[in-house]
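Enquirer: Can you read through this structure? Questions will come right after.
The values are calculated or read from the model by the stated rules, or taken from the named source; none is laboratory data. All values derive from a computational prediction rather than experimental measurement. All Cβ positions, even for glycine, are placed from backbone atoms using ideal geometry, and neighbour counts span all protein chains on display.
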């Protein structure tokens, strides 16, 4: 989905109408192009952020990129395609995305037109960690997940998907800027009881679920760990398809 931000004469600059989402450590393209297409290889092209000093993320002038003008945090990580500029495509490729890259970017051809692109950065945990402890007449279930951005939420659900009363989770932010969240809830150990801990971040469409199931009269509890992920995820690393793990404890 695209939006026209500024229209001058017969030229308009077009950017995305919704934020661009990138996972931590991947490469991302910030879209920006002219309509109608025009050769901009000889034009000055600026990508900037108003909250930075210097403000330039990437600057091209007189057919030359000027890395000495850009903010140091973007050094060696930005690229404008000369072949695409010939067709009015001013999109910026940003490599190895960092948490600090999140923000609003301006794509500008000085004296002609401009548009704005909002970049969101996300990261999620590979799994939820669980444990349990006994007390007279019940069990304390614990759930923890680390390595999230933005800050996730943690929910406890019963077998019908209804929220359990567990109090606010404990959330910490580490020196790497990523969040960890943990919570515990006390439940009764009736046969066939099932409880779930769900850690989720709606902005990046990611979730992790750990399911506790109490098995009949055998005093066994199984814990199933499931991952729920966005279908269009671009995160690097292991195969991101949903997985299911099973562990069994004797009470």
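Enquirer: Run down 207, 180, 192, 213 and say which single residue is free of Cβ contacts under 8 Å to residues at least 60 places away in the same chain and either surrounded by fewer than 12 Cβ atoms within 10 Å (Cβ to Cβ) or over 17 Å from residue 143 (Cβ atoms) (or both).
Expert: 192
Enquirer: Also: Within the stretch 41-60, track down each residue that is without any contact (Cβ under 8 Å) to a residue 40 or more places away in the chain and either over 16 Å from residue 91 (Cα atoms) or not assigned by TED's automatic domain parsing to the domain that holds residue 81 (or both).
Expert: Scanning the stretch 41-60 gives 52, 53, 54, 55.
Enquirer: Just checking: which of the strands (runs of 3 or more DSSP E) contained wholly in the stretch 37-150 hold 3 or more residues that are at pLDDT 95 or above and within 23 Å of the chain's Cα centre (by Cα)?
Expert: So the answer is 92-94, 103-109, 113-122.
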